Structure formats: C-alpha cells, structure tokens
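The structure appears below as structure tokens.
Rule-based calculations on the coordinates, nothing more; no lab input. Computed from a predicted structure; not experimentally measured. As a convention, Cβ positions derive from the backbone with ideal geometry for all residues, glycine included, and neighbour counts pool all protein chains shown.
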Amino acid sequence: MKKHQYNPDSCIACTSCVAYCPVSAATRKFAGPKMMGPALERFRGGETNTDFSLDYCANCKNCDISCPSGVPISTLNMLARAKQYKNKRRSLLDWMMSHSDLMSKLASPMAALSNFGMANPLTKMILKQVGITDKMSLPKYASKTFLQQFRAFKQQSFPDKVVFFSGCFINYYAPEVGMDLVAVMQRNKREVIVPEGLDCCGSPLVGKGYLDEAVEKARTNIAALKPWFDQGIPVLTCCTSCGLMLKMEIQEMMDLEHMEQLAAHTYDASEYLLELHGQGQLDTEFAPVAGRYIYHTPCHLRAQGIGKPSLELLSMIPGFQIEDADAGCCGQSGTYGFEVAKHDIAMAVAEPVFKRIKEYQPDYIVSDCSGCRLQLSQGTGFPALHPLTLLRRAYEG
Amino acid sequence: MKQNDVIVIGGGLAGLFAAITAAKRGRQVMLVTKGVGAIAIGGGSIDVLGYDAQGVPVRDPVAAMDGLSADHPFAILGHQRVETAVQSFLGLCAAEGYPYLGDLQHNQWIPTALGRLKPTCLTPLSMNASSLKTATDVTVVEFEGLKDYCGRVMVDGLRQCPGYAKNYSLVSLKTDINDGRDLSALDVARWLDSESGQAAFIDRLTAAVRPGSVILLPPVLGTKPDYHLFHKLEQATGCKLVETVGLPPAVTGYRLRRLLVNCLGKLNVKLIEQANVVRGIIENGRCTGIVTGNLDRERTYCAESFILASGGFFGGGLQAEAGRASEVVFDLPVAVPTDPAAWSKEKLFFAGSQPFAKFGLQVDGKLRPVDASGKLLLENVYIAGKSLAGYDYCVEKSGNGVALATAYQAGAEA
C-alpha cells in the first residue's frame, strides 16, 4: 500500500464527492462516497459490520476525480468491501459477475452454442433467478478470440515493439478492437507483442470484493509483463478499466514488487499514439471518414489524469467532426448494470447521456470503454465503436 | 510534449473563469485540475467587498476599494479592471441563460442558513433578497428531514436583524423522498429537477402560502443553471421567492460551476482532471512547461503562457512549515514573518484579520510573480485567486470577487 494514497484524514468533509457521485444521485440506498469512504473508514479498525449500502458503490471513480484533497475514496470503499466479504459465503451472482474471465474460458470455445444458450428464454429466466437482469443483452462471445486471431495474423517485424494487454472483454467479446490496435500499430511501424501468461486485470474482482484473487491476477500479470517493461517497451491497453488497474489501482490497493515500473510503462493506446505524434513519429496520412459521431468519455479514462487523448487523435483526421457528449457517467461500471438489483440505478445514471445521444442522432457512438459502448448502444439504439476502429478506417481509407 | 497557447492550473472559480477568458480571445487553452474546487459546493454568490478594514459593512464596493492597502489584488488591478471583469462575468451568465444580478456600486444583503445577513455583490436572481427587506409577510419554508436547514433558526436569526422585524410564518413541507440516507439540499434539488417532484412541490407550496408574501427557502430550486422552476413557482404562488445561502453541498455554487464547465466545452478548452501539477519547467525566467505527477508517471505539458490558480493553503496551492511558506508548483516565495508567533493571533475568531490569511504571492501590475524587491520572477506566469497575497476573504467577504477579477486579468494577458 502506498501510504500517501491512503489517508482518510485528508478528507475535510467538503462534500464535493457527494455532489458528483452519480450513484448517490440515482439512488438513496447508497449513503454516498464521503460517508462510506473516509467517514466510516475511521471506524473500520477492528471487526467490521456488514453494511449493504457499501454494495452500491460502482467504483466509477467520480468521487476521486472530484476530491480536492486527493483522498482515494473509491479505493477506501473497495478495500472495505473486500474486508467485509472476507471469509463470508458469497452469492452465485457475485461470483459470476467477478469471474467472467473463467466463464469465458469455458464458454468461448463453443461461442455459437454459448451465445444461443445465453440468449434463449430459459437461460434468461435462470440468469434472472441468479440476479442478472433480463432487460439488457449480455455481450456475445466472438467466434474467434483476439488471441486466436492475433496468433494467426502475420505481422511485419519492426525494431520498435509495443506490448498489448487486451483484457478479457476485447479477447472474448470484441477481438476486432484488438486487431484494429494491431493494424494501427503496424501502420506506425510498431510490432505488437502479446506475452504468454497474461490474466484478467482484476478490475471485476476488485469491484466485487474478491481482493485476494485480484492480487494474484496482478502478481501474474506483473510477472508476465516484466521481461518487456524491463526493456523499456511500453504496455498498451485500449480498455480504460484495465488501464486504470495497471496504472493506478494496483498501487492504491496492493503492495507488489515492480508494480511502480509496470505503472510507469502502461499507456492508454490513444495516449501512446499522441506521444508518438509529439515526437513526430505518428503517421498522419489519414483519409477522410464520413459519418456523424458523438464521443463519450469513460469515467475510468477521466480518472487516469490524461484528459481525452482519443478526441485529440481523431481531430487529426481531415474534416472529421465529432461531438463531445460530456454528459456524465453511463452507469454501467463494468458489470454493475447487469445486476437485477442495480440495473435501474445504472439506467437512471445513464439518462442524461442517453438523452444527449438521442438528441444528437449520431451514426455512431465512440467510446474507449467496452462497458460504456455496450450500455450506450443498448440504451440508445445507436451502434458504438472504439476510437481505434475509426482510426484504422482513416488509415485504410 | 503537448503544445498549447495557455495552460491554466486549477479548476476553482479563478481557474475556470481565467480559462474561459483566454479561450474567448481565441487562445488554445488547457486546464489541469485536481478536484473540483470550492465553487462546486459553495453558495455561488459573488462577494466583492463586504466589509472594510475596520470591519464596517460596505455599501459601495468600488468606493471602498480606495481604502484598501496597496498590495490588495483590487488595488493592484484598479477599479476599471475589476469593473471590466464583473461585466464580462455578468455577460457570460446572461448569455448562458442564467443571469446574475447586481453591480459593483451596490452590495446586497442576503440571508445565510443561520438567519443572519451577509453582504455580497452579485447573486443569481433566485438569491436576490431585496424583496425580503421590504416585505411585510415572510414565509420560511423548510423540508421535513432536511437537517441542514432549520426554519426556526432562520426566523429567530432574521428577527434579530435591524429592520427585519416582519410577520414571519414557518411552513414545513414534505418531499416525496422517504427512504435511504439523510436528506441534503442537493437531494431536494434533484427531486425538484423531476417533473413529478415539481408538480408535487407546486401543489404543496401554493396550499401553504398566501399570495403577496416573500418565501424564503433553502437552495433547492433544481441543479441546473436556469430559472425555469424559480419563475414557475413565483407565478404559481404569486409570491417572491428567495433561496438562502446553504451549507455544502449548497447547490447554487454547483449550478454556477456547471454553467462555467459548459462554457469550457463550447470554447474547446481541453480539460485534464485528476492530475496533480508537481512542478514547472523554467528556462531563463520563463516557464516552458508544467509536469503532472500522477501515480503512474510524470507527464509534461507545454504552452506559451501559464495561469496559476491553484488556491491558497486550504486549496493546496500554498504550503507552510514552521517559519517558512512557499507556493507548490513553481516554488515561488511567500513572504512571511520570521517569527512564527507573528503568523497568527491567539484567538482564532477575533474580530480582525489573522495575519496568515493574507500570506500569498506578490505580483506586478500584470499579476506576474515578483520577489520582495519587486523583481519579476516569471515573465509568462500569471497568478489568479487565493494564492495571491494581501487579502483576507473570510473577513472582507471578497473571495469570489478577487477570483473573478484576477482570473479575468490573467486570462486577458496570458
């Protein structure tokens, strides 16, 4: 634990986090970030009481972003949640929502069958009994994972290498985004390395209080990535929650060797491309891309403290117009919106974004986060793309 | 390496308004902030000069500026530049559909949550309390469960204010919120954002008040910077409504921040949140870039000029240790007495000004930092807001006014 990131007494109870917590705005069942985080933290020295209000924190990080005193409020909540559930029997729902990587490993090889199996009414009924909402479609497994597609793809070799940490969603559900990243990197004379032995980043586990398992995932990932970041090779993510985990959350919640070096080498893919541009190394031969687009900033990108690199990058495409929705959190927060008990809250949080997008009538929603894309496209009916997909289109004309 | 025309450090009122001012001149602006700044939870009224150095209430802020010491930010700027800043702010709010009321020649007296009156200069229309002064009948509305606003305290407080012996009645209204955590003014304001909440509230309020009276209520008339509900309620009740200053989160400041952040978006200001500026890069008396130090690594952002609006000791822009104080980003000197005993008076809340309240950065006429001998330290860095020396916003009631005036000046120069 980095001590400087863990001081509830820095909280001066100013209520900024209360004012900007989207969950507090949507439900009164959540006591709010100030109360659940720094205020109660002072009483958590000994045995902890089970406080179900804590369950409503979505770990979206808006409290941390709004805090003028640098208190990692959401992290205090996640640590408290882990402590609260330690050695307690957990529901099947909690297990499923946090172990989608394991489920995907089993289901993905039979993607067509699994997708059919998940979508039929009987399964939906069973899932609802477990606590998964039937009001939202679960994402569909891709017929070939990113890893399978990547292994089959013949890359051109370049002296400059980048490591790609795909994360579970891109691997199992959106491999095309991963392949877009590979194409964009190849265009910029970078060879993409996907190391053996990578695991889930741990974000869903942290969100459900399985901190010990998340620590093991982090340990595994650091070990698999170390040979590369030791050589100064950057580690790219294009899932903002994976990125936040590797850059910040591991350091806030865990104490692992080499975690600082991993963080120092981790880049959001768009952030990396912008840095290339700063060094005059970005290929800016973009062809115009037609269509009407609206951009949604993921909260886990805002929390990284790097602004909106994708918007800057896309603005280099000649004549390209993209509207910044700037309408707050989408409410999905990974798996939060899939739960029966939370779905209505997620939808209430998303309402201003839905409204903004529907008014704009885009051809596509653009967002860096898979959960945001899922929520916004299902909530508005407009399809959603990752910024790298657009960038690839601009390269390929 | 990220090149901008102007980088603003700080996202409080000073930082936001400086960024807007510079962007309106056509500058490419980036704003870097850690947290949302006090504006988000504050009362949203713009105090300019409420009390003079002797503690006497000020009627005309412009006239009273003549009595300020030479190192006061208003004295450095002069009347005209403060007036220009205020006009720019009023114009901005009006253009955004949320006009503010007031002028630099007059202070208004507005009720606080404790039923006292405080002087301020510019307020949202819904906080204009001139009708309270002339009213005969005043209805104080409180909400069941809203602990931060006690109608009885409001009535008792106001009764003691000279000239405010009115015919007060107290009304306690229900919201439709009856579950979960404690109620805040922001919760009630969110309820009143909804159409169902508005309809229910209009029914309950009109049944409880007589037309022609003045209604005092906590700041709950919606979270958005507009007056739709305010006008609707005045029409439905036939009364004048006054929102009082509230405890944090005070909603009225939240609305103003929302208005200003909306403007940033329209003006294409790049916003970098959750970033901690740790130092500046200085070459030959000029700043070429700033460095953010997040948990992962440092990043450098470059610009032609920089506006430092990072706040005072409380906001994290200045830091102090025994016998020494300094500015955090550029390590600029903060002049303090060498004897720590001279930093403060023993009684924290005595009637005058605490010496430490006026500690801060000394600047030239363009708000650029200078040392004790008046030598310019950084030629392209401009200071706005609470990191400036020479004023005590608590005692003077001048905080947001200094923030606006210095932010405008910095934004116009940078």
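Mind putting a number on the dipole of region A:293-396 about its Cα centre? Charges go on the C-beta only, +1 for Lys and Arg and -1 for Asp and Glu, and I need it in Debye to the nearest 20.
100 debye
Over the C-alpha atoms of region B:317-414, what are the Rg and the largest Cα-to-Cα span, Dmax, in Å?
Looking at region B:317-414, its Cα Rg and Dmax stand at 13.9, 41 Å.
For peptide B:185-196, what's the mean number of Cβ atoms from other chains within 10 Å of each residue's Cβ?
So the per-residue partner count for this stretch is 1.
Among B:87, B:108, B:54, which one moves the most in a GNM of chain B with springs linking Cα atoms closer than 10 Å?
Maximum among the listed residues: B:54.
Checking a compactness column here: for region A:92-198, what do you get for Rg(Cα) / (2.2 N^0.38 Å), N being the number of residues?
My calculation over the Cα atoms of region A:92-198 gives 1.28.
Convex hull volume of the Cα atoms in region A:191-344, per residue, in Å³?
Dividing the Cα hull volume of region A:191-344 by its residues yields 144 Å³.
Where does region B:100-247 land on the Kirkwood hydrodynamic radius, alpha-carbon pairs, in angstrom?
Computed over region B:100-247, the radius equals 15.4 Å.
What base-10 log of the normalised intensity I(q)/I(0) is obtained for region A:3-85 from the Debye formula, alpha carbons as equal point scatterers, at q = 0.13, 0.16, 0.17 Å⁻¹?
-0.33, -0.51, -0.58
If r is the Cβ-Cβ distance from residue B:236 to residue A:134 and R0 is 41 Å, what FRET efficiency results, to the nearest 0.05?
That pair, residue B:236 with residue A:134, gives E of 0.45.
Work out how much length residue B:147 to residue B:371 would gain on full extension: take 0.36 nm times their residue separation and subtract the Cα-Cα distance, in nm to one decimal.
Contour length minus Cα-Cα distance gives 75.8 nm.
Where the convex hull is taken over the Cα atoms of region B:362-414, what is its projected area averaged over directions, in nm²?
3.5 nm²
Order A:376-382, A:240-246, A:76-82 from most to least packed using the mean count of other Cβ atoms within 10 Å.
Those peptides, ordered most packed to least, come out A:240-246, A:76-82, A:376-382.
Can you find, among A:287, A:338, A:240, the residue farthest towards the positive end of the dipole of chain A? Put +1 on the C-beta of Lys and Arg, -1 on that of Asp and Glu.
Positive-most Cα among the choices belongs to A:338.
Within 10 Å of each Cβ in peptide A:67-77, how many partner chain Cβ atoms are there on average? Round it to a whole number, please.
3
Computed from the mean reciprocal separation of all distinct C-alpha pairs, what Kirkwood hydrodynamic radius does chain B have, in Å?
Hydrodynamic radius (Kirkwood, Cα only) of chain B equals 22.3 Å.
Please grab the % of Cα pairs in the protein assembly as shown that end up more than 47 Å from each other.
The calculated P(r) of the protein assembly as shown puts 24 percent of pairs beyond 47 Å.
Under a no-solvent Debye model with one identical scatterer per Cα of region B:42-95, what's log10 I(q)/I(0) at q = 0.13, 0.15, 0.24, 0.27 Å⁻¹?
Each listed q maps to, in turn, -0.36, -0.48, -1.03, -1.15.
Counting only residues 5 or more places away or on other chains, whose amide H sits under 5 Å from the amide H of residue B:215 once H atoms are built in the peptide plane?
B:139, B:240, B:241, B:242
Exposed loop sites here are chymotrypsin sites (Phe, Trp or Tyr not before Pro) in DSSP loop states with at most 13 other C-beta atoms within 10 Å. What is the longest stretch of chain B lacking them?
B:1-313
If I take the Cα coordinates of region B:195-327 and project them onto the principal axes, what are the three extents in Å, biggest first?
Computed over the Cα atoms, the extents are 68, 40, 28 Å.
Would you mind listing how long region A:1-143 runs along its three principal axes, going by Cα atoms, in whole Å with the largest first?
That gives 54, 31, 28 Å along the principal axes, largest extent first.
If the chain between residue A:10 and residue A:152 were fully stretched, how many nm would it gain, using 0.36 nm times the residue separation less the Cα-Cα distance?
Using 0.36 nm per residue and subtracting the Cα-Cα distance, I get 46.0 nm.
Can you order the peptides A:309-317, A:115-123 by their average number of other Cβ atoms within 10 Å per residue, highest first?
With the highest mean Cβ count within 10 Å placed first, the list reads A:309-317, A:115-123.
Could you state, as a whole-number percent, how many of the C-alpha pairs of region A:293-396 are farther apart than 19 Å?
Percentage above 19 Å: 40.
Chain A: percent of C-alpha pairs farther apart than 33 Å?
Percentage above 33 Å: 29.
Averaged across the residues of A:32-41, what count of C-beta atoms belonging to other chains lies within 10 Å of each residue's C-beta?
What the average comes to for A:32-41 is 1.
Along the Cα-to-Cβ line of residue B:167, 7 Å from the Cα, sits a label point; which residues in region B:230-245 have backbone N less than 17 Å from it?
B:238-240
Among B:178, B:65, B:100, whose Cα lies farthest out toward the positive end of the dipole of region B:58-193, if unit charges sit on the beta carbon of Lys, Arg (+1) and Asp, Glu (-1)?
B:65
At 7 Å along Cα-to-Cβ for each site, give me the label-to-label distance between residue A:230 and residue A:144 in nm.
Label at residue A:230, label at residue A:144, 3.3 nm between them.
Quick check of the Kirkwood formula: for region A:139-250, what is the inverse mean of 1/r over all pairs of different Cα atoms, in Å?
Its Kirkwood hydrodynamic radius stands at 14.5 Å.
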